[in-house]
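K.L.:
Dropping the structure in here first, questions after.
The values are calculated or read from the model by the stated rules, or taken from the named source; none is laboratory data. For clarity, every value in this text was computed on a predicted model and none was experimentally measured. Using ideal geometry, Cβ is built from the backbone for each residue, glycine included, and neighbour counts are taken over all protein chains shown. Accessible surface is based on the protein model in full, side chains and every heavy atom, while ligands, DNA and RNA are left aside. Shrake-Rupley method; radii C 1.70, N 1.55, O 1.52, S 1.80 Å.
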Amino acid sequence: MKQRYLQHLEFYKIVEQAAQNCVCPEAAQQLRAVQCGQDVQEVRSELAKTDAMTVRYLRVGPPRLAQVQDIVPTVQRAQKGGVLSMAELLLFAHTLRNFESLLSWYSTQDAAGPKEGRVLDDLFYSITEHPALSKSINEAILSETEMADTASDTLLDIRRKIRTSESNIRDRLEGMIKSPSTQKYLQDAVVSMRSGRFVVPVKAEFRGEVGGVIHDVSSSGATLFVEPSAVVELNARILQLRSQEQEEIERILEAFSSAAAATQPFFSVSYHAMLEVDTLLAKAKLAADQGATMPAVTDGNGFSLLHARHPLLDRKTAIPVDIELGRDYDTMIITGPNTGGKTVSLKTAGLLLAMAACGFLIPASERSEVCLFREILVDIGDEQSIEQSLSTFSGHIKNIVDILKEAGPDTLVLLDELGAGTDPAEGASLAVSVIETLRERGSRIMATTHYGELKVFALETLGVQNAGCEFDLETLRPTYRLSVGVPGRSNAFLIGEKLGLPASVIKRAQLHLSAEDQRFETVLGQLEDLKLEIKDDQTEIERLKYVAANQLAVAKEERDELIRQGEEAMAAATRKAKELEQKVQDTAYSLMDEMKALQKQENLTAAQKLQRARQIARKDAAGITEGLDSKKEETTYIPLTRVKVGQVVMLAQLGQHATVKSLPDRNNMVEVVCGAIKTKVPLSGLMAAAQPSSKKSRVQPKYRSSGANASVTRSAAMEINLIGMTAEEAVMEAERFIDGAMISGMTTVWLIHGKGAGILRKALHGMLKGNKSVKSYRLGNYGEGEDGVTVVELK
């Protein structure tokens, strides 16, 4: 893009703002010479780099960089064998420190997230750091003129000797100037330096009294600066050491220069990468200040700038505008009152497109789209020149002539006040002709005007769109908003009336308007009112869409929260089930052990063993169900202090009804019958059942039976699987199971023992023969399990 057109758009003011953010002068120079991208891919790449740098800059802040410049030629001179000075080596070391700082900054991972994309990887990874060399130089060289004593062991030793010799000389001279025999020959009792040698000031008339070498004479000639003979040899020694010191410094500088030369060619690559990073950081700082974003770059010649602001205006007060061109229409005619924002709209579009083409983020919505034009041709401002004998009109025509020479399918033409400065009729005709010519050449056009003929041309021509800058008639101030689709109105009569122009003058002016012009202005007014209504409706629609989107987002969040709570509840239930499963398993093992121990206690009767087994079972069952949330039905009971024979009581420990068979004996034990079981229990363990607090009654399982041969509906509660147990365990489990079945009112049960060798079957049949609760038993029929099952009929 030509510099003069960019100058009209004030593009270089933006570039200068960015250049002020650069740390290195060379980076600022590169930025001032910035060129627009040659193709769409290059523009996308540069914008992506700037955007990634901006995101990182906003997240972790800028890196620490030192100002360096013109160091590459210095390193190249070292590469050719030159010895660098201490100042040059310090500059070289500062540059190496910059490399380290950039790599450390780029590798930093902040809490906000991972690194932004990978678009900057190649740039930063082309930087090579040399931390050891940088550290050595900074430790050895203290300033541009001073080498540290610790730069080498030899230098440290030489300087130690120099300080020792100087101390000896000063001691001798101090003794001389304090000696009474010598003081009378001296002008002052001080020791000074002349030509690198220690001297004393001797009065000229006593020249022969103090032996030594004269190195200087005062301006009056009254004082001679004499190096006494006693220190001549020591001074010579110091000069010799100074020479050795300088040689050692030169050797150190040569070594550092060779090390600097060895960093080539990586140093040059790293240096240029550092400068590019500096320019990107400058763009990032500018973008942060402007609130700029990265637009999408399209392949065609159309663009859409949404909520775009002119970057040179105050972002707090600038009114954003929407500008679209190159899709539904290729030409936009902007009309409206003076100072209404027409020219600003032109400049905003051209400037933002130029910025994007040069890799700058733009102050517009991130939904904006830009394209790459080969040239942005601009005719903005007053081009009159007294020296060149050009009027305003002539200046514009000269620019238009140049524009017509360069116009083409990939150009954007911005024309301000097209056709102004001459006869209105001729100017309007010329303006229409220029626009038609530019459209024939495929250019995209934005033009401002006051001519009504151009408004009509836009209304009647396909591909040409009217746009107007709004004006507030109440405050007589422009709103700077661009309204696309409706031409703007100059509002000369209304503004004149508001400002106090007599009504008679305005009425007479209206009479001079043709009927056609009056109708046109009326239609424009109606169109503008309709446009405002549509805009209000669109605003309300956008508001409702925003509200709906927010409500949808809230609903999604609530749904996700419910799903999360359900998953947590499911996980908790799963954990609880696993814990309960483990608890049941542990309890089963414990119960088995206690049952085995109980079986071995021969001193207990069968009834006592049964009662003890039930107590163990209830205790373990209570342990299993402990902590569950299910609420058991609460029943209240009244303890008994006396009983009668035949009285129905409640066994407190079993929760079962029983009938009293005898009165309490001397041990206060009462004989009761519970189902088919007769046993003795303590009187304190009998309670009279009161009415349950809940209205619910216990529902006993129902079994269908009609005589001995009646068919019984078999259920899981009526059978027990004894397979895998020992004979002793199986007998114990079967007895317990039969006792429970009797209490529950069952008449038939199934004992599953399997076929195998018949050991379990024999043991069980032996137990069944002696069990008083058993009426009869048999092996299973076909369909019942045959020889693997014993069917037991209970009394």
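K.L.:
Name the residue that is surrounded by the fewest Cβ atoms within 10 Å (Cβ to Cβ), counting only residues in the stretch 279-300 that are modelled with pLDDT of 90 or more and assigned to a loop (DSSP other than H, G, I, E, B).
P.N.:
Only one residue fits best here, namely Asp299.
K.L.:
Turning to a different aspect of this structure: Which one is most open to solvent (accessible area, probe 1.4 Å) among residues in the stretch 748-767 that are under 21 Å from Ser715 (Cβ atoms) and touching a strand residue (DSSP E or B) at 6+ places or on another chain (Cβ under 8 Å)?
P.N.:
Residues of the stretch 748-767 that are under 21 Å from Ser715 (Cβ atoms), as a first pass: 748-754, 764.
So of that shortlist, the ones also touching a strand residue (DSSP E or B) at 6+ places or on another chain (Cβ under 8 Å) come out as 748-753, 764.
Values: Thr748: 4, Val749: 0, Trp750: 11, Leu751: 0, Ile752: 34, His753: 11, Leu764: 0 Å².
If we take residues in the stretch 748-767 being under 21 Å from Ser715 (Cβ atoms) and touching a strand residue (DSSP E or B) at 6+ places or on another chain (Cβ under 8 Å), then Ile752 is most open to solvent (accessible area, probe 1.4 Å).
K.L.:
Shifting gears a bit: Among the residues of the stretch 183-192, how many are open to solvent by less than 70 Å² (accessible area, probe 1.4 Å) and out of contact with any strand residue (DSSP E or B) (no Cβ under 9 Å at 6 or more places or on another chain)?
P.N.:
Final tally of qualifying residues: 0.
K.L.:
Please pick out the residue among Thr154, Thr164, Thr182 that is modelled with pLDDT of 90 or more, among the polar types (S, T, N, Q) and not in a loop (DSSP other than H, G, I, E, B).
P.N.:
Thr154
K.L.:
Quick check on Ala573: is it exposed (fewer than 14 other Cβ atoms within 10 Å of the Cβ) and either at pLDDT 70 or above or aromatic (Phe, Trp, Tyr) (or both)?
P.N.:
Numbers: exposed (fewer than 14 other Cβ atoms within 10 Å of the Cβ): yes; either at pLDDT 70 or above or aromatic (Phe, Trp, Tyr) (or both): yes.
Considered against the rule, which asks whether it is exposed (fewer than 14 other Cβ atoms within 10 Å of the Cβ) and either at pLDDT 70 or above or aromatic (Phe, Trp, Tyr) (or both), Ala573 comes out as yes.
K.L.:
Here's a follow-up. Of the residues in the stretch 29-61, how many are polar (S, T, N, Q), in contact (Cβ under 8 Å) with a residue 40 or more places away in the chain and open to solvent by 50 Å² or more (accessible area, probe 1.4 Å)?
P.N.:
3
K.L.:
For the stretch 219-233, what are the residues that are crowded, with 17+ Cβ neighbours inside 10 Å and assigned to a helix (DSSP H, G or I)?
P.N.:
Val231
K.L.:
Check Leu120 against each of (1) closer than 17 Å to Leu280 by Cβ; (2) open to solvent by 60 Å² or more (accessible area, probe 1.4 Å) and name the one condition it does not meet.
P.N.:
(2)
K.L.:
Test Ser662 against the stated conditions and say whether it is outside any helix (DSSP H, G or I), open to solvent by less than 100 Å² (accessible area, probe 1.4 Å), at pLDDT 80 or above and within 22 Å of Ser773 (Cα to Cα).
P.N.:
yes
K.L.:
Let me ask you something else. Before we move on, is Leu794 among the aliphatic types (A, V, I, L, M), over 21 Å from Glu594 (Cβ atoms) and over 60 Å from the mean Cα position of the chain (by Cα)?
P.N.:
When the stated conditions are applied, Leu794 passes them.
K.L.:
Could you list all residues from the stretch 260-278 that are closer than 24 Å to Arg32 by Cβ and open to solvent by 30 Å² or more (accessible area, probe 1.4 Å)?
P.N.:
In the first step, residues of the stretch 260-278 are kept if they are closer than 24 Å to Arg32 by Cβ; the result is 268-278.
Once the filter is applied, which keeps residues that are closer than 24 Å to Arg32 by Cβ and open to solvent by 30 Å² or more (accessible area, probe 1.4 Å), the stretch 260-278 yields Val269, His272, Glu276.
K.L.:
Sticking with this structure for a sec: Tell me which residues, restricted to the stretch 160-175, are touching a helix residue (DSSP H, G or I) at 6+ places or on another chain (Cβ under 7 Å) and more than 11 Å from Ile238 (Cβ to Cβ). Spell out the reasoning first.
P.N.:
Let us first name the residues in the stretch 160-175 that are touching a helix residue (DSSP H, G or I) at 6+ places or on another chain (Cβ under 7 Å), namely 161-162, 165-166, 168-169, 172-173.
Within the stretch 160-175, Arg172, Leu173 meet the criteria.
K.L.:
To continue, here is another question. Does the stretch 336-351 contain any residue that is in contact (Cβ under 8 Å) with a residue 40 or more places away in the chain, touching a Ser or Thr at 6+ places or on another chain (Cβ under 8 Å), open to solvent by less than 30 Å² (accessible area, probe 1.4 Å) and assigned to a strand (DSSP E or B)?
P.N.:
No, the stretch 336-351 contains no residue that is in contact (Cβ under 8 Å) with a residue 40 or more places away in the chain, touching a Ser or Thr at 6+ places or on another chain (Cβ under 8 Å), open to solvent by less than 30 Å² (accessible area, probe 1.4 Å) and assigned to a strand (DSSP E or B).
Results for (1) of a type in the set (Val, Ile, Thr); (2) out of contact with any strand residue (DSSP E or B) (no Cβ under 7 Å at 6 or more places or on another chain), shown as yes or no for each residue.
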{"position": "Ala273", "(1), (2)": "no, yes"}
{"position": "Pro295", "(1), (2)": "no, no"}
{"position": "Pro320", "(1), (2)": "no, no"}
{"position": "Ile333", "(1), (2)": "yes, no"}
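K.L.:
Only one of (1) modelled with pLDDT of 90 or more; (2) within 17 Å of Ser268 (Cβ to Cβ) fails for Asp70. Which number is that?
P.N.:
(1)
K.L.:
Does Thr74 qualify as being of a type in the set (Ser, Thr, Tyr) and farther than 19 Å from Pro295 by Cα?
P.N.:
Values: of a type in the set (Ser, Thr, Tyr): yes; farther than 19 Å from Pro295 by Cα: yes.
Judged against the criteria, Thr74 is a match.
K.L.:
Still on this structure, I have one more. Looking only at the stretch 193-210, filter to residues that are among the small types (Gly, Ala, Ser) and within 19 Å of Arg237 (Cβ to Cβ); which one of those is surrounded by the most Cβ atoms within 10 Å (Cβ to Cβ)? Working first, answer last.
P.N.:
Quick first cut of the stretch 193-210, residues among the small types (Gly, Ala, Ser) only: 195-196, 204, 208.
In the following step, the residues that additionally are within 19 Å of Arg237 (Cβ to Cβ) were identified as 195-196.
Working: Ser195: 12, Gly196: 10.
The qualifying residue surrounded by the most Cβ atoms within 10 Å (Cβ to Cβ) is Ser195.
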